[in-house]
1. Of everything in segment 73-90, what is surrounded by fewer than 10 Cβ atoms within 10 Å (Cβ to Cβ) and not β-branched (Val, Ile, Thr)? Give them in sequence order.
2. What tally of residues in segment 117-132 results from selecting those that are open to solvent by 90 Å² or more (accessible area, probe 1.4 Å) and among the polar types (S, T, N, Q)?
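The values are calculated or read from the model by the stated rules, or taken from the named source; none is laboratory data. Since the structure is predicted, the reported quantities are computational estimates derived from the model, not experimental observations. Cβ: placed from backbone, ideal geometry, glycine included. Neighbour counts: every protein chain shown. Each accessible area value is taken on the protein alone, full model and side chains, heavy atoms only, with ligands, DNA and RNA left out. Shrake-Rupley method; radii C 1.70, N 1.55, O 1.52, S 1.80 Å.
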Amino acid sequence: MKKPYCRSFTVVLVAVLLLCCAVVAGCMIHQATMNGKIAQVQANLEAVQARLRKQQVEYEQYQQELPMVQAQLAELQPIADAAYEQEQAMRQQRKELREENAALAEELAALQAEADAAGDESQQTAAAIVRLQNALDTLKELGNLLE
């Protein structure tokens, strides 16, 4: 007859087997997660490599076009320099015109003040002429009365 295993050994054996099952299930889940991440990283890597190839093609194209563009730049540089000089001259002219405009505004204000003063003076002169004319008329009437 066989001797049955002791109860504690059976419990420990079942616990160890359950633990092994849990570890295996955990490893499988972890492996599936890692496989998903690896697939995502590989897709990203392929996209980056495609962009890199495109950039390399563009770079080579620009390298081929560079001498032609530099030649065009050399042709246009004198025109650009002349335009820059003209712009600087126009800026200086604008500055001078603003200064002249400010000076003329000051002169105009002074002349306006003089004109206002002269206007008051001319009004006083006109009033004095009217008084003198009245006085002359009065003197003529007196002269006519005395005759």
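1. Narrowing segment 73-90 to residues surrounded by fewer than 10 Cβ atoms within 10 Å (Cβ to Cβ): 74-75, 78-79.
Within segment 73-90, Ala74, Glu75, Pro78 qualify.
2. So the count comes out to 2.
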